[in-house]
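Input: a single structure, listed below in structure tokens.
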Amino acid sequence: MQFLVRHLQKLPRRTRAVLQTCLYGLAAGAATVVFQLLMNWLYRAGLVRLSHSGLPTFLLGSLGLIVSSSLLVGWLLNAFCPEAAGSGIPQLKLAFWKDFGAVPLRVAWVKFIAGIVSIGGGCSMGREGPSVQLSGALASNLAGLAGEPKQNRRAGAAAGAAAGLAAAFNTPLAATTFVLEEIIGDLNSHFLGGVLLASVLGALVVHGVIGKQPSFTLVGADTPSWMGYALTPLVALLAALVGVAFQRASLGLRSRVKRSRRVPAWLAPTAGGLITWALGVTVFWFTGRLGVFSLGYDDLSDALAGNVGWHLAAALLLTKFIATFTCYGFGGCGGIFSPALFFGGMTGVMVARLLGLELPLASSDVLTLAVVGMSACLGAVVGAPVTGILIVFEMTQEFSLVPALMLGALVSQTVSHRLNRENFYEALLTQDGHLIEHVRPPRDLHSWQQLPVSAIANFKPVIVQDLSRAKLQELLKTNPYQRFPVVQNDKLVGVLTRKEAETAAQADRAPQLETASTCVRDETIRDLQGRLIESTSQFVVLLDEVGGRVLGVVTLHDLLRAEVAKASTSEDA
């Protein structure tokens, strides 16, 4: 490996970048294909096989499968990598901006296993989030193996994410626009070339292993009639409202679960699994359908083929909606793309079938309204209208649907912007305390200096409360830092330097503390720069209010690291 790295580093910069991007795209595409094949195998070998074994066997077997898989997922996430929970796309976006694209390797393997077990075991979630996060994490670590320093791994993370999404849905154009729209936030980004190349390679891996067929085959697709176009805004409106409701329900439940400590974190995904099982077996009992479980693509394909009436579409929409937001809200592992497509598709079918009882709708109109619902619901949730149009177009490969998709996207984005301040991913980051304007650095110096100190502070400082010799020795042994805030009776009393702690521990005396430079979290980075210059220790303690409790610390290293990130962002723009 070292031999390859040495020779790679000798190549011209542009040549090396292209070769590395090819490596990211192929590796991410391969990982996503294996992920997809194993997930589908588990679903077919488990729930599908049980569904053919008689009702009592299905009830008991499916319960055992979904409970055991949920418990395994909960243990994996909480024992090894909590940041692998949920979709994973917001976490990758955070790593892209805050950590220069550096993602720990554990994210990749935990997401890989937990995603297969969760979705393949029957939990109602999507495959795209895990595909994007594990692929971005894998490419980020490959960049490290190729000799890229930590502060230069954004290109790898972005390329891996694009290849993963392209391989998950066989949609390279949509994968490119999604990464640029959502993760990078700039369609004209310097990363465009690498993202596009990686997307193509990810799609080629899928073509070579699985085949080039679209995700959904549409029978009877044709240009809709004037009646179909007239109903497109209505379906887009309703599908967008479903997407808005899903976002609020999912994040609302997630917030309540995080605040509540009644259920251990490792056990929480099982609650979502049990609710999914109860809803899934009820629908199966009455209809013989498995759409509530896992991706639900079999039933969505049937709906697009015209084999689902409005009663069944409404039942699948309601039960799938509840199952998905509970799985996500209780901390399961999976994405929201596939469920959003399912909600939108069933909304379109339900509305078209109902109105078709009174209006002369052709089969092409019904199909168009279903596809418009898919695009509109997805667009409302992720806030990426171009991606919403392209992903449905590429998944169906029907150009005749594009005008209706564009009209639906206009309605969807209007509804989304009116009712939601942020899209799903940004709202999740905000819920976790990461304001998006702080995660993505501004492009000019004035805006940068006006950001609050909290945008760059370390909120997990090592705080010293006991100055005894034994505690000082333990502190020095377990922490490499040079300075520590000292708190007594919940008040900051000073700063302990490493050198003074060593001297005091050797002499068995009380250490002498330095006067602490402090700031509150609402002060600006411009104010902080002045404090750091004036501070002899180049160390400032962040308080919740003047004279209040310690929230974090900011060092000169933190400031320089954040400014390097801003400079890198400006160059990439």
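The values are calculated or read from the model by the stated rules, or taken from the named source; none is laboratory data. Computed from a predicted structure; not experimentally measured. For neighbour counting, all protein chains shown are included, and Cβ atoms are generated from backbone atoms with ideal geometry for every residue, glycine included.
Here the condition is being surrounded by 24 or more Cβ atoms within 10 Å (Cβ to Cβ) and either at pLDDT 85 or above or assigned by TED's automatic domain parsing to the domain that holds residue 90 (or both); of 142, 201, 180, 192, it holds for 201 alone. Go through the residues of segment 305-320 one by one and say whether even a single one is under 23 Å from residue 395 (Cα atoms) and aromatic (Phe, Trp, Tyr). Looking for residues that are under 23 Å from residue 395 (Cα atoms) and aromatic (Phe, Trp, Tyr), one finds none in segment 305-320, hence no.
Of the residues that sit in segment 440-449 and are surrounded by 12 or more Cβ atoms within 10 Å (Cβ to Cβ) and part of a loop (DSSP other than H, G, I, E, B), which one is modelled with the highest pLDDT? Across segment 440-449, the extreme among qualifying residues is 440.
In segment 358-369 there is at least one residue matching the filter, namely being of a type outside the set (Gly, Ala, Ser) and either out of contact with any helix residue (DSSP H, G or I) (no Cβ under 8 Å at 6 or more places or on another chain) or not assigned by TED's automatic domain parsing to the domain that holds residue 416 (or both).
Restricted to helices (runs of 4 or more DSSP H) entirely inside segment 115-196, those with at least 3 residues that are touching a residue at least 24 places away in the same chain (Cβ under 8 Å) and in contact with a strand residue (DSSP E or B) (Cβ under 8 Å, 6 or more places away or on another chain) are 128-145. Scanning segment 47-71 for residues being of a type in the set (A, V, I, L, M), out of contact with any Gly (no Cβ under 8 Å at 6 or more places or on another chain) and touching a residue at least 40 places away in the same chain (Cβ under 8 Å) gives a total of 5.
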